[in-house]
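Contents: one structure, followed by commentary.
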Amino acid sequence: MDARARGWVDGFLGVAIFSGSLPATRVAVADFDPLFLTAARACIAGALALGLLALLRAQRPLRSDLGPLALVSLGVVLGFPLLTALALRHITAAHSIVFIGLLPMATAVFAVLLGGERPSRAFWAFAGVGAALVAGFALTRGAEASVTGDLLMLAAVVVCGLGYAEGGRLSRRLGGWQVICWALVIALPPMALLGLARWPGSLAGVGASAWAGLAYVSLFSMLIGFVFWYRGLAAGGVAAVGQLQLLQPFMGLALAAGLLGEPVGWSMAAVTAGVVLCVAGARRFA
């Protein structure tokens, strides 16, 4: 298998792992405070990343890499986990997954801003239609919708797109797994302080499902998934392999329905499909 084909395989594995993140977070926030959950998952993954970097004697990043790595940390270590954990206190995992359909577009927008590219008008047309679909869906949900939850999910998509775009750019030089490991290590001290500050008074009431959710988002969503994802971006190309994110909403909806028993109506599935088509068009003309 050549490097490009291996990149597609790694990218698919990364997306498949990420698809379980929101359902697992939904289960975990039932018993954990969102701030503590965010800190705990980052600390567990950060400790493992530190050991991995030491074991494999990875080369340290240059001083000029620290700023971009901090952006990656802000986007995928702190911002996205915290904002989605807060959002899932207000909305279901199935509802939140509709917003994930905008993540490839957000990644492309930041790639444009950071890389200085000039997309065509068709790109912005697809982007606008996709955003309108999501906004219209959120506004028509009535009692089951939450303005707070929807706004938190939109913010999560923005910061995650930033982390993906910057991480994909860095992975071309530093290597895929090194990018997420160094980003986790940079975030480890403040996350440890946050975790201690938000440590629950008692863990006796935490159920097995919440512990399982914490384990998943710590090991798979925060570390293992990114090892495959950034390695895939580096080997197969950010623009090409990044399109695999279009599969994530469908995988996530299936998990939310199958594991959590959450209703996935035809309108939710239709909007998700429409958003995916818009994102595909936007990426085509980015």
Inset, instruction - Taking the residues in the range 70-87 that are crowded, with 24+ Cβ neighbours inside 10 Å and farther than 14 Å from Val157 by Cβ as candidates, determine which candidate is nearest to the chain's Cα centre (by Cα). - result: Val77
Legend entry - Matching residues, the range 56-69, being of a type in the set (A, V, I, L, M) and either assigned to a loop (DSSP other than H, G, I, E, B) or surrounded by fewer than 21 Cβ atoms within 10 Å (Cβ to Cβ) (or both): Leu56, Ala58, Leu62, Leu66
Legend entry - Which listed residue, of Val109, Val29, Val98, is within 22 Å of Gly232 (Cβ to Cβ) and at pLDDT below 95: Val109
Legend entry - Members of the range 67-122 found to be farther than 17 Å from Pro190 by Cβ and of a type in the set (Phe, Trp, Tyr), listed by number: Phe99, Phe110
Legend entry - Filter pass, Tyr216 being touching a residue at least 12 places away in the same chain (Cβ under 8 Å), among the hydroxyl-bearing types (Ser, Thr, Tyr) and surrounded by 24 or more Cβ atoms within 10 Å (Cβ to Cβ): no
Legend entry - Filter result for the condition that a residue is within 22 Å of Val76 (Cβ to Cβ), open to solvent by 30 Å² or more (accessible area, probe 1.4 Å), modelled with pLDDT of 75 or more and of a type in the set (Gly, Ala, Ser), over Ala192, Ala204: Ala192
Inset, instruction - Among the residues of the range 133-153, write down those that are at pLDDT 65 or above and not β-branched (Val, Ile, Thr). - result: Leu133, Ala135, Gly136, Phe137, Ser146, Gly149, Asp150, Leu151, Leu152, Met153
Legend entry - So Pro249, is it on the phi < 0 side of the Ramachandran plot and surrounded by fewer than 22 Cβ atoms within 10 Å (Cβ to Cβ): no
Inset, instruction - Kindly indicate the residue of the range 2-37 that is open to solvent by 10 Å² or more (accessible area, probe 1.4 Å) and of a type in the set (Val, Ile, Thr) and also farthest from Leu255 (Cα to Cα) among those meeting that condition. - result: Val9
Legend entry - Residues of the range 88-110 that turn out to be farther than 15 Å from Gln245 by Cα, among the hydrophobic types (A, V, I, L, M, F, W, C) and open to solvent by 20 Å² or more (accessible area, probe 1.4 Å), as a count: 1
Inset, instruction - Within the range 40-54, identify whether any single residue is part of a helix (DSSP H, G or I), open to solvent by 20 Å² or more (accessible area, probe 1.4 Å) and free of Cβ contacts under 8 Å to residues at least 40 places away in the same chain, and answer yes or no. - result: yes
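The values are calculated or read from the model by the stated rules, or taken from the named source; none is laboratory data. Keep in mind that this is a model prediction, so the values were computed, not measured. Backbone-built Cβ (ideal geometry, glycine too); neighbour counts: all protein chains shown. Accessible surface is based on the protein model in full, side chains and every heavy atom, while ligands, DNA and RNA are left aside. Shrake-Rupley method; radii C 1.70, N 1.55, O 1.52, S 1.80 Å.
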